[in-house]
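Have a look at the structure below, then the notes.
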Amino acid sequence: MIEHAMTEYKKRVSEVRGGSKARPRDPNERRAQFEAYADIFKEPYPASITVTNWFIAAPGREIPIRIYSQKTDEKQPTIVYFHGGGYMSGSLYTHDTVVANLAAGTGAQIVAVHYRRAPENPYPAAVDDGFFTLQWLEKYADRYKIDLDRLAIAGDSAGGGLTAAISMMSRDRQGPKLAMQVLLYPGPMNTNTETDSYVRINHDPQFNKNDLEFYLKAYLSDKLDTKDPYAVPLQATNYADLPPAFIHVAELDPLYDEGLLYGERMNADGAKAEVRVAKNLEHSFLRAVTVSPEAREEAAYLYATIKRGLRIG
């Protein structure tokens, strides 16, 4: 095992996942494994927030959401959050502690969204659920004490890819105006799996190039030649007029290049993007805050950046 700032985290996760064995290909087994390892670092809710579960009624389906609210009667800056899991696994439960910490650390209200997942519901199901949720929250902003001048979206891993896609969709379809987009170790959001970081950072048997290709094929129904930017945000040709972005990438992540490229293209087209590299950290480092001082430092930087972007405090 490579020694770095997440060694203890990786050790505990590896024990749950069966050592160096490759991750299961069956979606239900993969989801169950994710739920199990999320338990390792689960913490009680911070005292500063209240948590409520709800369902959004959408055409032909319900979209589960979990709301992490500040204890106030005032309108709140609000972040709509999309969990990671390769568009296939992950849930409100697997990201519960990460999102609760985000709410406590920023002082924002967080609405976490459990979108439909591949392969049963491939693209565009997840993007449609995310954009529908954003529009629904705009409609019911008063009911949920949402300050629409300080509305943002965020996501980690595949949720970061959804964040990019929904930012584009909201721009193109006159959706809610977003104050900020936050992408945390985002991807896969590129059909090019021969990038430098995909090839160079391939030491983890449970999160590597083959694993990411598996996710992409499931999400895109094997249509890896798609040019649809809502499916693959790095296929876009126009990054102008997107909401300001904070992109947090991990130095030891196969997805490293994707976050950098998204930021470069935004800045080249006149949009504003800040890219922060979390040195000596791997994918999903926000889960490691209890065992890694470096991860805690990066989390603190993230929270402070969001507070500035949403004018909190």
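Sort ASP147, ASP211 so the one with the fewest other Cβ atoms within 10 Å of its own Cβ comes first.
Details: ASP147 17, ASP211 20.
Fewest to most other Cβ atoms nearby, the residues stand as ASP147, ASP211.
Need one number: % antiparallel among DSSP beta bridges in the chain, to the nearest 5.
Roughly 35 percent of the beta bridges in the chain run antiparallel, per DSSP.
For the chain, report the % of Cα-Cα distances exceeding 30 Å.
Considering the chain, 25 percent of its Cα-Cα pairs are separated by more than 30 Å.
Using Cα pairs closer than 8 Å and at least 6 residues apart in sequence, work out the relative contact order for the chain, in percent. Display every interim value, and only then the final one.
Values: 635 pairs, mean separation 56.8, N = 313.
Value for the chain: 18 percent.
Output ³J(HN,Hα) for the stretch 66-74: one whole-Hz value per residue in order, computed from phi by the Karplus curve 6.51 cos²θ - 1.76 cosθ + 1.60 with θ = phi - 60°, and x for Gly and Pro.
10, 10, 10, 9, 6, 7, 8, 9, 7
Take the Cα gyration tensor of the stretch 42-149, multiply each eigenvalue by 5, square-root it, and list the three semi-axes largest first, rounded to whole angstrom.
23, 17, 10
How big is the dipole moment of the stretch 7-309 about its Cα centre under a simple scheme where the beta carbon of each Lys and Arg is +1, that of each Asp and Glu is -1, and everything else is neutral? Debye, nearest 20, please.
The calculated dipole for the stretch 7-309 is roughly 460 debye.
Collect residues whose amide H, placed 1.01 Å from N in the peptide plane, falls under 5 Å from the amide H of GLY86; neighbours closer than 5 in sequence don't count.
It is ALA158, GLY159, by chain and number.
Please report, in whole Å³, the volume per residue of the convex hull around the C-alpha atoms of the stretch 1-84.
162
Where a number appears in this text, it was derived from the coordinates with a stated rule and is not lab data. This structure is a prediction, so every number in the text was calculated from the model and none was measured. With ideal geometry, Cβ positions are generated from the backbone for all residues, glycine too; neighbour counts draw on all protein chains shown.
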